[in-house]
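Following: one structure in structure tokens, then a few remarks.
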Amino acid sequence: MTNAITAEGLVKRFGGTTALNGVDLAVRAGAVLGVLGPNGAGKTTTVRILATLLRPDAGQARVAGFDVVRDAHRVRSAIGLTGQYASVDETLTGTENLLLIGRLLGMSRRDAKARAAELLGRFRLDEAAGRAAKTYSGGMRRRLDLAASLVGRPRVLYLDEPTTGLDPRARNEMWDIVRDLVADGVTVLLTTQYLEEADQLADEIVVIDHGRVIAGGTPAELKARTGAQTLVVRPARRDDLEIVRAVLADLAPAAPELSEHEVVAQVTDPAVLPAVVRRLDDAEVVVAELALRGSTLDEVFLALTGHRAEITEEVAV
């Protein structure tokens, strides 16, 4: 299968700051690539280059078969972009926003109006089509913003932190929309710090840190890279949490994490589990829950970057 997006050795500097330092990535046509990284890692800069909003200082990239520098106008005709914040005009109605974009893309008024009605219905915004966007909820605005990026029927869609600030229900709605788009053949590049989001949507993932790709693969492959499993112990009595922590600290290779109700530790030897059970039984600790599971993407992120993902804003340089 051909790649809809390829990038080789992308470099971008802003004064004395190197935002990208040789980024390589590839996205198969009709697939979702999740791009993860700490704040300031270079995710948004990468998207801006691939969307022709920035020129790279070195390296090259092709989108839908076109070079992002030499054929920028052709790239723009093939892509859609939804950024971290809704870009629709809040004073216009839902219909007027989409109609305006359609006209700017060269559609006839009739075609633009038909496309607007189609998208408003698809995103369950038809009943609010005649209302100003400023009256929409956060989830409705994000759906309208995504609809706006689809007016021109793009083959490639960039979603830069698309669910930032949304409640869980609205986030799940956006995930369903993305799945439907991919089913229709759209290629998606998704930047996110919600690791569950990448796990849910991405066919492959790359992790960027300090302007470089430090890891890549399917979610399952990345989880397997840590070589560890997670042991979760929740005692029936909260007063026993410190005893559980002490037992795991003695048996696990890394310091366990203590929360309000449970203790979590990374283990590499499955034989630790029966040893923990014996020690807790000897200490007369009643266990309400004990589970050994594979690593999560959050734990992979921690292993690769040295800290957990933080849901905060990245400076869009």
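A few notes on this one:
- Considering region 137-174, and only residues there that are open to solvent by 10 Å² or more (accessible area, probe 1.4 Å) and among the hydroxyl-bearing types (Ser, Thr, Tyr), the residue that is farthest from the chain's Cα centre (by Cα) turns out to be Ser137.
- Residue list for region 213-252, restricted to those being open to solvent by less than 20 Å² (accessible area, probe 1.4 Å), touching a residue at least 60 places away in the same chain (Cβ under 8 Å) and within 30 Å of Ile5 (Cα to Cα): Ala215, Pro219, Leu222
- The strands (runs of 3 or more DSSP E) found wholly in region 7-81 and carrying at least 2 residues that are open to solvent by 10 Å² or more (accessible area, probe 1.4 Å) occupy 17-28, 58-63.
- Count - residues of region 179-192 that are open to solvent by 10 Å² or more (accessible area, probe 1.4 Å) and touching a strand residue (DSSP E or B) at 6+ places or on another chain (Cβ under 8 Å): 2
- Some residue of region 239-252 being aliphatic (A, V, I, L, M) and within 20 Å of the chain's Cα centre (by Cα): no
- Sub-6 Å Cβ pairs linking a first residue in region 197-212 that is basic (Lys, Arg) to a second residue that is part of a strand (DSSP E or B), at least 6 apart or interchain, are Arg212/Asn21, ordered by first then second residue.
- Residues in region 259-289 that are open to solvent by less than 90 Å² (accessible area, probe 1.4 Å) and within 29 Å of the chain's Cα centre (by Cα): Ser259, Glu262, Val263, Val264, Ala265, Gln266, Val267.
- Pair list, Cβ under 9 Å, 6 or more apart: region 2-16 residue within 16 Å of Ile79 (Cβ to Cβ), other residue of a type in the set (S, T, N, Q) and part of a strand (DSSP E or B): Asn3/Thr187; Ala4/Thr187; Ile5/Thr187; Thr6/Gln60; Ala7/Gln60
The values are calculated or read from the model by the stated rules, or taken from the named source; none is laboratory data. Note that the coordinates shown come from a computational prediction; the quantities given were computed from them, not determined experimentally. In this analysis, Cβ positions are derived from the backbone assuming ideal geometry, glycine residues included, and neighbour counts consider all displayed protein chains. Side chains included, ligands, DNA and RNA excluded: accessible areas come from the protein's heavy atoms. Shrake-Rupley method; radii C 1.70, N 1.55, O 1.52, S 1.80 Å.
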